[in-house]
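Peer 1: Quick one: the structure is below, and I'll ask about it shortly.
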Amino acid sequence: MSRAEQTPIMASETTAARLLDLRTNEFKALVDEGHLPPGHEIAPGVVRWDTETLKRISGGDVTGLWDQIQW
């Protein structure tokens, strides 16, 4: 599997948006409005989203995420 075909474990805002087929500003708005969970600050100023969580959300599985998102 080439690097281009691999899904990262953690994704930047731009990559997370792309994984959900959204523009970055759309993704950011959904996060800011509480429709998607916030990313994790893994180092000062470095925020990443867990790609497995994004996959679960896209499939409708929000188990354990009720405190992080608003429907």
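Peer 1: Residue by residue, what Karplus-based ³J(HN,Hα) values in Hz, rounded to whole numbers, does segment 22-29 have, using 6.51, -1.76 and 1.60 with θ = phi - 60° and x for Gly and Pro?
Peer 2: Calculated HN-Hα couplings, in order: 10, 6, 4, 5, 5, 4, 4, 4 Hz.
Peer 1: Hey, another quick one. What number, in percent, do you get for the relative contact order of segment 4-57 if the mean sequence gap of Cα pairs under 8 Å and at least 6 apart is divided by its residue count? Mind showing how you got there, number by number?
Peer 2: Numbers: 49 pairs, mean separation 22.5, N = 54.
42 percent.
Peer 1: With a ≥ b ≥ c taken as the square roots of the eigenvalues of the C-alpha gyration tensor of segment 1-63, please select rounded if a/c is under 1.5 and otherwise prolate if a/b is larger than b/c or oblate if it is not?
Peer 2: Note, shape of segment 1-63 comes out rounded.
Peer 1: Provide the per-residue ³J(HN,Hα) series for segment 8-17, in order, calculated from phi with Karplus coefficients 6.51, -1.76, 1.60 and θ = phi - 60°, each as a whole number of Hz, with x at glycine and proline positions.
Peer 2: My calculation for segment 8-17 gives x, 6, 10, 10, 5, 4, 5, 5, 4, 4 Hz in order.
Peer 1: Return one whole number: the accessible area per residue of segment 20-64 in Å², for a 1.4 Å probe. Each step should come with its number before you reach the end.
Peer 2: Numbers: 2820 Å² over 45 residues.
It amounts to 63 Å² per residue over segment 20-64.
The values are calculated or read from the model by the stated rules, or taken from the named source; none is laboratory data. Computed from a predicted structure; not experimentally measured. For the accessible areas, the whole protein counts, side chains as well, though only heavy atoms, and no ligand, DNA or RNA atoms are used. Shrake-Rupley method; radii C 1.70, N 1.55, O 1.52, S 1.80 Å.
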